[in-house]
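Participant: Quick one: this structure, given as structure tokens, is what I'll be asking you about.
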Amino acid sequence: QLQATSTALLLNVATCASGALVFASAGHVDPIAGCLVASGATATAGPGARLAHAMRERTQRLVFASALLALAPVIALKPVIGGAVEGAVEEAERSNGGPDVARGWRPAMPPVEKVAYYVGLGGAVGVASGALGIGAGTMMSVRLALAGGM
């Protein structure tokens with residue numbers, strides 16, 4: 001299980017970097033939120049990896065399966081759950097001129113609550129990534145879309 005986890009983490013680096021470049025070139029990346037999430041994840045990935053070494057293989061597999069089962073309904077229901085959040089964000093963007101890169105959008109530091117949310121989300125994802133080999137596709141995308149307003 002440890003070899004599978006560490007190999008998955010290596011694969012995450014390559015796929016995340018190439019995907020982020022494509023999305024960034026289309027103007028769909030919030031660099032400040034990304035840096036805040038990355039700072040939390042970077043700080044906690046090492047402790048997560050140490051946690052993986054401390055867990056028995058059976059325990060690690062059960063925790064991994066439980067995480068997937070807990071996230072599956074959220075991922076499946078994201079269009080329903082996220083509809084209200086996305087509608088509110090789109091309305092706010094229309095009233096503020098929107099975060100359109102082509103119209104000169106400049107990233108701004110989010111409110112303190114969002115900073116804490118992004119860093120905390122990164123911290124949780126860092127532990128999960130280090131311990132279980134899961135990351136952005138499994139945890140972060142849904143949470144950023146729902147509570148992060150993206």
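Participant: Output the qualifying pairs, or none if there are none: Cβ atoms under 8 angstrom, residues six or more apart or on different chains, first residue in segment 1-28 and at negative phi, second residue assigned to a helix (DSSP H, G or I) and at pLDDT below 75.
Facilitator: Asn12/Ala136; Cys16/Ala136
Participant: Of everything in segment 1-57, what is charged (D, E, K, R) and either closer than 21 Å to Gly123 by Cβ or outside any loop (DSSP other than H, G, I, E, B) (or both)? Give them in sequence order. Can you show your working first?
Facilitator: Here is the first cut: in segment 1-57, the ones charged (D, E, K, R) are 30, 50, 56-57.
Scanning segment 1-57 gives Asp30, Arg50, Glu57.
Participant: Still on this structure, I have one more. So, in segment 40-71, exactly how many residues are of a type in the set (S, T, N, Q), open to solvent by less than 60 Å² (accessible area, probe 1.4 Å) and touching a residue at least 12 places away in the same chain (Cβ under 8 Å)? Reasoning before the result, please.
Facilitator: Of the residues in segment 40-71, the ones of a type in the set (S, T, N, Q) are 42, 44, 59-60, 66.
From the residues that got through so far, the ones that are open to solvent by less than 60 Å² (accessible area, probe 1.4 Å) too are 44, 59-60.
Next, from what is left, pick out any that are touching a residue at least 12 places away in the same chain (Cβ under 8 Å): 44, 60.
Selection size over segment 40-71: 2.
The values are calculated or read from the model by the stated rules, or taken from the named source; none is laboratory data. Quick caveat, the model's predicted, so the values are computed rather than measured. Note that we place each Cβ from the backbone using ideal geometry, even for glycine, and neighbour counts take in every protein chain shown. Surface areas here come from the heavy atoms of the whole protein model, side chains and all, with no ligands, DNA or RNA. Shrake-Rupley method; radii C 1.70, N 1.55, O 1.52, S 1.80 Å.
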